[in-house]
Structure formats: C-alpha cells, structure tokens
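Structure, as structure tokens:
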Amino acid sequence: MRPVNILIISSVLVGLLIGMAAFVSVSNERMMKDVQKAKDSKGFAVVELFTSEGCSSCPPADALLERIQQDNQNKQIYILAFHVDYWDHQGWRDRFSDHKYSERQQQYANWMGLSTVYTPQVVINGENEFVGSNAGAIVKAISNGLEEQSAASVGLSARIEQGKLYIGHQVSDVGKDASLVLTLVEKVAHSDVKAGENSGRKLSHVQIVRQLAVIDANSSKEVEMKLPANFNENDFELVGFVQRNADGRIIAAGRNEF
C-alpha cells in the first residue's frame with residue numbers, strides 16, 4: 001500500500017473562516033432554498049463528511065451539514081460523518097474515529113486522482129469533493145443529485161439479537177462490479193473537548209458513522225454488526241448505498257430507521 005499523504009488544514013485558516021461567517025450566513029438562506037426547491041424525483045444525495053474533533057477547521061463543516069439536514073427532512077439526503085483517525089496524535093483522541101474511515105477517504109483520493117487527504121472534506125455521491133465549509137458548492141451538488149434520476153434501488157431491513165445487529169438488503173439494477181456500503185449511524189452526539197485545537201469547546205455532531213461494512217452489491221448474505229454500548233433504536237439508523245468499484249460513483253441509496 002502506498003503511503004498516505006495527509007494535508008491538515010491549519011488552524012491559521014480559522015480566522016479566515018470566521019471572517020467569512022457573516023457572508024456565508026446570508027448566502028446560505030438562499031442556497032438552502034435551492035435544495036428545498038429540488039424537484040421530487042428518484043434522485044438522492046449521499047453526503048460524506050470526513051472530519052475530526054481534533055481539527056479546528058471542522059466545526060463549521062459539521063454545522064453546515066446539520067443545517068442542511070434540519071432544513072431538508074423530507075429529501076433523500078443521506079449525511080454521513082466519518083471521523084478519521086489521523087488527527088488523534090495531535091493531542092485529542094476523537095472517540096468516534098476509526099482507521100477504516102481514514103482508509104475510505106484515501107480510497108476517494110485514489111479514485112479522484114488527489115495527491116492528499118484533508119479535513120474537513122465533503123464527497124457527494126462519490127463523484128465530487130469539496131472543502132467541507134464550501135456551502136455554495138456543496139448545496140449546488142446536493143441539488144444536482146436530487147434532480148438526477150436513479151434506476152437502481154436499495155432496500156434495507158434489520159433485526160437485533162443478543163446485542164448484535166443483522167442487516168438484510170435487497171438491490172436492483174446495480175450491475176456486476178459494485179459494492180454495497182452499509183453504515184450504522186448515530187443521529188446526534190456532543191463532545192466536551194479537553195485538548196488539541198478544539199480544547200475547551202463543546203462540539204455538536206450529526207449522523208456519525210459508528211459501524212461500516214462493505215460487501216459485494218449482489219451478495220444476498222445477511223450482514224452482522226456489533227452494536228455500540230449506547231445503542232438504542234430511537235437514536236440510530238441504517239444507511240446503505242451502492243457504489244461502483246471502478247470510479248466510486250454512488251448509484252443508489254436507502255435507509256432504515258428501525
């Protein structure tokens with residue numbers, strides 16, 4: 001495996017981001033309406049955020065996606081926050097981090113021909129990537145995804161036995177060279193950060209990926225996942241999507257809210 005080149009967006013950018021906040025807050029009102037106006041269709045938007053509690057540039061991206069989710073409850077928008085682990089040596093270990101999520105981000109770098117990975121990064125439908133605080137580009141890409149017809153589909157079912165989650169799945173029109181990506185998602189969480197770049201801050205998160213599994217999209221085998229200690233059916237959901245292996249494009253998505 002070739003080494004992962006990591007670009008950490010420096011805390012010196014925080015001042016710039018704060019300075020832009022007033023402009024963004026005004027323009028966001030108009031942009032959010034663009035998402036809300038997206039025509040009803042079979043379209044969808046899978047919005048993957050690569051983030052970390054150790055990254056001082058990440059909270060604005062978390063807040064942006066929280067706003068998008070709040071304002072578009074009835075849209076087929078699937079927000080997934082992957083907390084990467086390469087920030088964990090900077091003074092604060094993110095309790096939601098997992099090396100698998102860093103590997104997933106690196107896979108996107110490979111698909112897209114990027115020389116580095118960074119936080120905060122948003123990838124939409126496996127095709128387009130943006131700095132996670134770039135509200136205009138992110139909202140436009142989400143709107144485009146919602147308006148694009150999708151022939152493929154994903155259906156998910158779930159059962160819980162003896163502290164384990166068993167996921168059933170059914171897909172259609174996905175082709176042969178594709179994977180089914182399954183995620184167990186915690187809807188909301190808060191952390192009091194005691195060290196690192198965000199020391200002293202209380203951070204809010206939405207749609208945190210707590211478990212990840214990737215299988216052949218045409219497999220019929222039930223998938224087993226270990227449940228987090230704080231699992232309850234009201235605070236978690238399943239999100240699954242089909243992704244082409246050749247280029248990473250996501251062609252179908254669905255959820256199960258237990």
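Give the residue that is surrounded by the most Cβ atoms within 10 Å (Cβ to Cβ), with candidates limited to residues of the range 124-143 that are touching a residue at least 60 places away in the same chain (Cβ under 8 Å) and under 25 Å from residue 88 (Cβ atoms).
Of all residues in the range 124-143, those touching a residue at least 60 places away in the same chain (Cβ under 8 Å) come to 124-127, 131-133, 135-136, 138-143.
Then drop every residue that is not under 25 Å from residue 88 (Cβ atoms), which leaves 131-133.
Working: 131: 18, 132: 28, 133: 22.
Selected residue: 132.
Got a number for residues in the range 171-188 being surrounded by fewer than 18 Cβ atoms within 10 Å (Cβ to Cβ), in a strand (DSSP E or B) and touching a Ser or Thr at 6+ places or on another chain (Cβ under 8 Å)?
Of the residues in the range 171-188, the ones surrounded by fewer than 18 Cβ atoms within 10 Å (Cβ to Cβ) are 172-173, 175-177, 187-188.
Those left that are additionally in a strand (DSSP E or B): 172, 187-188.
From what is left, the residues that are touching a Ser or Thr at 6+ places or on another chain (Cβ under 8 Å) are 172, 188.
Matching residues across the range 171-188 total 2.
Exactly one of (1) at pLDDT below 95; (2) within 30 Å of residue 87 (Cα to Cα) is unmet by residue 186. Its number?
Only one criterion in (1) at pLDDT below 95; (2) within 30 Å of residue 87 (Cα to Cα) is unmet by residue 186, namely (1).
Filter the range 86-107 for residues that are touching a residue at least 40 places away in the same chain (Cβ under 8 Å), in a helix (DSSP H, G or I), under 29 Å from residue 245 (Cα atoms) and not basic (Lys, Arg) and give the result. Working first, answer last.
Within the range 86-107, the first condition is being touching a residue at least 40 places away in the same chain (Cβ under 8 Å), and the residues that meet it are 86-87, 90-92, 94-98, 100-102, 104-107.
In the following step, the residues that additionally are in a helix (DSSP H, G or I) were identified as 90, 100-102, 104-107.
If we keep only those that are under 29 Å from residue 245 (Cα atoms) as well, we get 100-102, 104-107.
Those that are touching a residue at least 40 places away in the same chain (Cβ under 8 Å), in a helix (DSSP H, G or I), under 29 Å from residue 245 (Cα atoms) and not basic (Lys, Arg): 101, 102, 105, 106, 107.
Any idea which of (1) in a helix (DSSP H, G or I); (2) within 17 Å of the chain's Cα centre (by Cα) is the one residue 204 doesn't satisfy?
Residue 204 satisfies every listed condition except (1).
Can you name the residue in the range 150-166 that is within 28 Å of residue 44 (Cα to Cα) and not aliphatic (A, V, I, L, M) and, of all such residues, is surrounded by the most Cβ atoms within 10 Å (Cβ to Cβ)?
The extreme case among them is 150.
Could you tell me how many of the residues in the range 107-123 are within 13 Å of residue 248 (Cβ to Cβ) and crowded, with 22+ Cβ neighbours inside 10 Å?
The initial filter retains those residues of the range 107-123 that are within 13 Å of residue 248 (Cβ to Cβ), namely 107-114, 123.
Among the residues that remain, those that are also crowded, with 22+ Cβ neighbours inside 10 Å are: 123.
Summing the residues that are within 13 Å of residue 248 (Cβ to Cβ) and crowded, with 22+ Cβ neighbours inside 10 Å in the range 107-123 gives 1.
Out of curiosity, is residue 146 assigned to a strand (DSSP E or B), among the aliphatic types (A, V, I, L, M), within 20 Å of the chain's Cα centre (by Cα) and within 24 Å of residue 108 (Cβ to Cβ)? Can you show your working first?
Numbers: assigned to a strand (DSSP E or B): no; among the aliphatic types (A, V, I, L, M): yes; within 20 Å of the chain's Cα centre (by Cα): yes; within 24 Å of residue 108 (Cβ to Cβ): yes.
Here the answer is no, as residue 146 does not meet what is asked.
Can you confirm whether residue 247 is in contact with a strand residue (DSSP E or B) (Cβ under 8 Å, 6 or more places away or on another chain) and within 24 Å of residue 42 (Cβ to Cβ)?
Numbers: in contact with a strand residue (DSSP E or B) (Cβ under 8 Å, 6 or more places away or on another chain): no; within 24 Å of residue 42 (Cβ to Cβ): yes.
Answer is no for this residue.
Looking at (1) touching a helix residue (DSSP H, G or I) at 6+ places or on another chain (Cβ under 8 Å); (2) modelled with pLDDT of 95 or more; (3) not in a strand (DSSP E or B), which is the one condition that is false for residue 49?
Just one mismatch for residue 49, condition (3).
The values are calculated or read from the model by the stated rules, or taken from the named source; none is laboratory data. Just so you know, these numbers come straight off a predicted model, no measurement behind them. Note: ideal-geometry Cβ built from the backbone for every residue, glycine included; neighbour counts use all protein chains shown.
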